[in-house]
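Below are the C-alpha cells for one structure; questions will follow.
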Amino acid sequence: MRRGLAFVEELSAIRSKVQALGLLAGQELEALAALEVGQVAIPRRKLIVKAGGPIDVAYVIKRGWAMEYKVTASGDRQIIDFALPGDIIGLDAIAFRYATSEIVALTDIDACPIPRQKLEALKRDHPSLSFALLACTRQERAILTERLVNLGRRTAYERLCGLFLELWWRLRIAGAVTERTFPLPLDQTLLSDALGLSPTHVNRTLRRMEEDGLVRMRYQSPRRITILSEEGMALAAGFDRGYLDPNEHLLRDLRARRR
C-alpha cells in the first residue's frame with residue numbers, strides 16, 4: 001500500500017466502500033474483491049463510455065477519477081457526476097445495454113474490467129452481492145437527487161461547499177482519503193460545468209470560501225483542497241451526509257437474506 005499526501009491506494013477500494021456501508025461480510029466480501037482482477041490502465045482524457053454505445057464492460061475504479069456528462073445540441077456540457085475509487089463505471093450494464101451519457105477519464109485510472117456476462121452471472125450466483133450493488137446504485141441516485149437540488153435551489157456558495165464535502169466523504173468511505181487534504185483534479189471550468197455556474201462565479205466563490213476560513217486551495221498542478229472547517233461548510237451548505245448511505249430498508253432486506 002502506497003501512502004501519499006492524504007491519499008491511500010487501497011487493495012480493494014470497492015470492498016472498503018461496501019464494508020464501510022455495512023452491506024456485506026465474510027465470503028460475500030471475498031466474492032466482491034474477486035471482481036477486481038485483470039487490472040488495466042486507462043489514460044487521462046480517454047473516453048470510457050460513449051453515449052448511445054453498447055455497455056459491454058463495467059470497470060471498478062481502484063485509483064483515479066472519471067466524470068459522466070452529456071453535451072447539448074448547442075455544444076454545452078453538463079457534468080452529471082464524478083466517479084471515484086470504489087465506484088463502478090457502467091454498473092447500469094446490469095439493466096441496460098446502451099449508455100445514455102458519456103464517461104471520460106479525468107486522471108490516469110487503474111481499473112478492473114468486469115464483462116457484462118460476469119455481471120449477469122453475479123445476479124444469478126450471488127444474490128446478496130447483487131443486492132449490495134443495487135444499494136450502491138441507490139446511493140448514486142441519492143447523489144444525483146442532491147445534485148439536482150443544488151442546481152435548482154442553492155446558491156453558488158452552498159453548491160461548492162456541498163460538492164467538496166460530498167467528494168471528501170465519498171473518498172473517505174472508499175478508504176481513499178485519511179486526512180483533510182486530498183487531490184482535487186477539477187479546474188474551475190469543470191466545477192462550473194458540474195454546478196451550473198460560470199468560471200468567473202466559481203473563482204469568486206472559491207476566494208470567498210478561502211477568506212471565510214472554510215478551505216485552502218492549491219490551484220497549481222497537482223490541484224489539492226484542504227477542508228479547514230467541516231462544520232462551517234456543512235452549516236453553509238445545509239449538508240447532511242446521510243444521503244451517501246444506502247436506504248435503510250435495503251440494508252434490512254439484505255441482512256434478512258443472509259440469515
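The values are calculated or read from the model by the stated rules, or taken from the named source; none is laboratory data. Keep in mind that this is a model prediction, so the values were computed, not measured. All Cβ positions, glycine included, derive from the backbone under ideal geometry; neighbour counts span all protein chains shown.
For region 46-90, name all the residues that are surrounded by fewer than 20 Cβ atoms within 10 Å (Cβ to Cβ) and either assigned to a helix (DSSP H, G or I) or among the small types (Gly, Ala, Ser) (or both).
ALA51, GLY52, GLY53, ALA73, SER74, GLY75
Determine whether VAL71 is more than 24 Å from LEU184 (Cα to Cα) and touching a Lys or Arg at 6+ places or on another chain (Cβ under 9 Å).
no
Moving to a separate point now. Working only within region 109-138, note down all residues that are of a type in the set (S, T, N, Q) and either at pLDDT 75 or above or farther than 24 Å from LEU244 by Cα (or both).
Step one: list which residues in region 109-138 are of a type in the set (S, T, N, Q), which gives 117, 128, 130, 137.
Once the filter is applied, which keeps residues that are of a type in the set (S, T, N, Q) and either at pLDDT 75 or above or farther than 24 Å from LEU244 by Cα (or both), region 109-138 yields only GLN117.
Consider only pairs whose beta carbons are under 8 Å apart and that are at least six residues apart or on different chains; among these, list those whose first residue lies in region 215-230 and is under 19 Å from ARG204 (Cβ atoms) and in contact (Cβ under 8 Å) with a residue 60 or more places away in the chain and whose second residue is assigned to a strand (DSSP E or B) and among the aliphatic types (A, V, I, L, M).
Close Cβ pairs (under 8 Å, with a partner that is assigned to a strand (DSSP E or B) and among the aliphatic types (A, V, I, L, M)) amount to ILE225/VAL215; ILE225/MET217.
Across region 197-210, what is the number of residues that are touching a strand residue (DSSP E or B) at 6+ places or on another chain (Cβ under 8 Å) and touching a residue at least 12 places away in the same chain (Cβ under 8 Å)?
2
Scan region 46-58 and give yes if some residue there is modelled with pLDDT of 95 or more and basic (Lys, Arg), otherwise no.
Yes: region 46-58 contains one or more residues that are modelled with pLDDT of 95 or more and basic (Lys, Arg).
Please enumerate the residues belonging to region 192-221 that are assigned to a helix (DSSP H, G or I), more than 13 Å from ARG159 (Cβ to Cβ) and either in contact with a Lys or Arg (Cβ under 9 Å, 6 or more places away or on another chain) or modelled with pLDDT under 95 (or both).
GLU210
What number of residues within region 66-125 satisfy the criterion of being free of Cβ contacts under 8 Å to residues at least 40 places away in the same chain, small (Gly, Ala, Ser) and under 23 Å from GLN39 (Cβ atoms)?
Matching residues across region 66-125 total 3.
What do you reckon, is GLU231 assigned to a helix (DSSP H, G or I) and closer than 16 Å to ALA156 by Cβ?
Criteria not met by GLU231.
For every residue, the table says whether it meets (1) hydroxyl-bearing (Ser, Thr, Tyr); (2) within 25 Å of CYS136 (Cα to Cα); (3) exposed (fewer than 15 other Cβ atoms within 10 Å of the Cβ).
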site: ARG154; (1), (2), (3): no, no, no
site: GLY162; (1), (2), (3): no, yes, no
site: LEU165; (1), (2), (3): no, yes, no
site: ILE173; (1), (2), (3): no, yes, no
site: ASP193; (1), (2), (3): no, yes, no
site: HIS201; (1), (2), (3): no, no, no
site: GLU231; (1), (2), (3): no, no, yes
site: ALA237; (1), (2), (3): no, yes, no
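Take the conditions assigned to a strand (DSSP E or B), among the aliphatic types (A, V, I, L, M), modelled with pLDDT under 90 and out of contact with any Cys (no Cβ under 9 Å at 6 or more places or on another chain) and apply them to ALA31. Does it pass?
No: the conditions fail for ALA31.
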